[in-house]
Amino acid sequence: MAWPLCVQCNALSWVTCGILAYLITQAKGMAERDAQQAQHARDELRNIVGFSVAGEISKLDQLKKSGSIPDAEYGRLRAKLVQ
């Protein structure tokens, strides 16, 4: 026996409401986990390729002293490294 159309629509609306409620209540947590995983992946990559913040700041200092990058760019890149 097939379900009446009104029962099928009602069940579908409950499922849709449940999915929306889950997404609304869990979205912040999902975003935080994604950000943590991305930071962890960046850190792992830096460790693998031998990246060091001190080394990169030293390179930035050399670029600034040689005039290759302006002070504003130097400040932006240095702040990005230090975070």
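The values are calculated or read from the model by the stated rules, or taken from the named source; none is laboratory data. Just so it is clear, the model here is predicted, and its values are computed rather than measured. Here the Cβ is made from the backbone with ideal geometry for all residues, glycine too, and neighbour counts use every protein chain on show.
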field: Among the residues listed as ALA31, ALA72, ALA79, ALA27, the single one being outside any loop (DSSP other than H, G, I, E, B), at pLDDT 90 or above, under 23 Å from the mean Cα position of the chain (by Cα) and aliphatic (A, V, I, L, M)
entry: ALA79
- request: Scan ARG46, ARG33 and give me the residue that is charged (D, E, K, R), more than 21 Å from VAL82 (Cα to Cα) and surrounded by 11 or more Cβ atoms within 10 Å (Cβ to Cβ).
  value: ARG33
field: Long-range neighbours under 8 Å by Cβ, at least six apart or interchain, first residue under 19 Å from ASP43 (Cβ atoms) within the stretch 64-82, second in a helix (DSSP H, G or I) and charged (D, E, K, R)
entry: LEU81/GLU56
query: Looking at the stretch 34-69, which of its residues are among the aliphatic types (A, V, I, L, M) and outside any helix (DSSP H, G or I)?
result: ILE69
